[in-house]
Amino acid sequence: MQVFEQENELKEFLKKARQEGQSIGFVPTMGALHEGHLSLVRAAKSENDLVVCSIFVNPIQFTNAEDLEKYPNLLTEDKQKLKQEACDVLFCPTKEQVYKEKPIINFHFEGLDQVMEGRMRPGHFSGVAVVVSKLFNIVQPNKAYFGQKDLQQFAIIARLIKDLSFDITLRMQPIVREEDGLAMSSRNMRLSDTEREIAPKIYEALVLAEKYWNQGASLNEIKTQVALYLQKYRIIKLEYFEIVHADYLTDVEENLRHKPIAFCIAAQVGNIRLLDNIII
Ligand code: AMP
C-alpha cells in the first residue's frame, strides 16, 4: 500500500493511474477503522482498479471540542488493517496540509441540514461538505463509498455531488453491526463496560419501531413506544427518533407512507453520542 501525506504527491500518483486508464474508488474516513469502514474498502475493491482510503479527523465538522480532542488516533493499526484488505493507497494528511488557511466558505443544504444531526450540531454538515469537496477535488474518484450509518451525511453528499456537478458515482454500504446489534462506530471504544452492555438497546428500539410499523401502528404510537422502550435504561438519553423519507429526510405523513423510509435515532449513552438507523 502506498501511503501519502502530501496532497501534491498523491495527485501526481493518481494522475498517472488515470492516464493508464485505471478507475479509482474512494473511501473517506476519520480513522480508528472497524469492519464498517473495511466493508466500504471491500466494496470499492470489487468495483475499481485502484482504491484510495483517506484518514483525516476533520476539525471543522466537530461542534464539540471534547469530542474532537478524544477522537481516537490509531494510525498504525489502521494502516495494518488497510494493508490486509489490499487497499492500494492511503492518504493521511495533517490538519495544516488540508487547511492551509481556515476556510471561509459555508454550505447550506436547505432542509437537509435543518433536521436531526443538523439541528443538534449546527455547522457540522458545512464542515463535512468542505472536507469532502476538497478530498473529491484531490482524489477525483470515479466512485465514492459512504455508509448508511451516517444517512443524513449521505443525503447531503448526494446533493453536493448533484449541485456542484462532481463527476462521481456515489455508493451506499449497509450498516455493519456487532453481534448484539450495536452499529459499529469508532466511538464505541469509549463506552464503559456497562454502557457497552446497554448500547444495543438503541438498535432494539429501531427493530421495535419496525415491528409496530408493520402492524400498522400510527407514527405517534411508534414514536411513543420507542421513547418508552429506551426510558427504561437510565444511562440512555434519547435525543431524537425520526421517521423520514430515506432520500430527502422529510417527515413521513401518516397517510403517505412511500418507501424507502428511514427510522433514525440519536442517543447519548453516558457521555457518548451514538447514531443508528434502519431503512424499510
Ligand atoms: P467515519 O470514520 O466515522 O467518518 O466514517 C467513515 C465512513 O464509514 C462513513 O461513510 C460512515 O458512514 C462509514 N461507516 C461508519 N460506521 C459504519 C458501519 N457500522 N457500517 C458501515 N459503514 C460505516
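The values are calculated or read from the model by the stated rules, or taken from the named source; none is laboratory data. What you see is a predicted model; the values in this text were computed from it and never measured. Cβ placement follows ideal geometry from the backbone for every residue including glycine, while neighbour counts extend to all protein chains displayed. Note: areas computed on protein heavy atoms with side chains; ligands, DNA, RNA excluded. Shrake-Rupley method; radii C 1.70, N 1.55, O 1.52, S 1.80 Å.
Things to note:
- Straightening the chain between Gln268 and Asn106 buys 55.5 nm, computed as 0.36 nm per residue apart minus the Cα-Cα spacing.
- Using alpha-carbon coordinates, inclination of helix 75-84 to the longest axis of the chain, degrees: 80
- Against the criterion of solvent-accessible heavy-atom surface with a 1.4 angstrom probe, Met116, Met1, Met30, Met189 sort, most first, into Met189, Met1, Met30, Met116.
- Label-reachable residues, the stretch 116-136, where backbone N falls under 13 Å from a point 7 Å from Leu219's Cα toward its Cβ: none
- Magnitude of the charge dipole for the chain, about its Cα centre and with charges confined to Cβ atoms of Lys, Arg (+1) and Asp, Glu (-1), is about 120 debye.
- The simple spin-label model puts a point 7 Å past each Cα toward its Cβ; for Gln2 and Gln97 those points are separated by 1.3 nm.
- Longest DSSP-loop-exposure-free segment, trypsin sites (Lys or Arg not before Pro), the chain, at most 15 other Cβ within 10 Å: 101-231
- Choice from Asp163, Asp49, Asp247 showing the highest fluctuation, given a GNM over the chain with Cα pairs closer than 10 Å: Asp163
- Spatial separation of Cα centroids for the stretch 34-111 and the stretch 122-144, in angstrom: 10
- Summary value for the stretch 133-280: 21 percent relative contact order, contacts being C-alpha pairs under 8 angstrom separated by 6+ residues.
- Over the chain, accessible surface divided per residue gives 50 Å², non-protein components excluded, 1.4 Å probe.
- Using alpha-carbon coordinates, inclination of helix 219-231 to the longest axis of the chain, degrees: 80
- Residues with amide H under 5 Å from that of Ser54, placed H, sequence gap 5 or more: Val27, Thr29, Phe91
- For the chain, relative contact order (Cα pairs under 8 Å, six or more residues apart, normalised by length) works out to 17 percent.
- Total lysine pairs whose alpha carbons fall under 17 Å of each other in the stretch 42-169 (8 or more apart, or interchain): 11
- Potential lengthening between Arg234 and Ser23 on full extension [0.36 nm per residue; Cα-Cα distance subtracted]: 71.0 nm
- Amide H within-cut-off set for Thr169, under 5 Å, with H built and near neighbours excluded: Lys143, Ala144
- Solvent-accessible area of Leu228 with every protein chain in place, 1.4 Å probe, in Å² to the nearest 10: 90
- Partners for Lys223 among aspartates and glutamates (Cα-Cα distance below 14 Å; same-chain residues under 8 apart left out): Glu204, Glu210, Glu239, Glu242, Asp251, Glu253, Glu254
- Each principal axis of the Cα atoms in the chain has its own extent, and those three values, largest first, are 57, 41, 37 angstrom.
- Considering only Gln153, Thr29, Ile105, and ranking their Cα positions along the charge dipole of the stretch 2-173 that arises from unit charges at the beta-carbon of Lys, Arg, Asp and Glu, the one farthest toward the positive end is Gln153.
- Estimated translational D of the stretch 1-150 in µm²/s (Stokes, Kirkwood radius over Cα pairs; 37 °C; 0.692 mPa s): 203
- Tilt relative to the chain, helix 151-163 - C-alpha long axis, 0 to 90 degrees, to 10: 50
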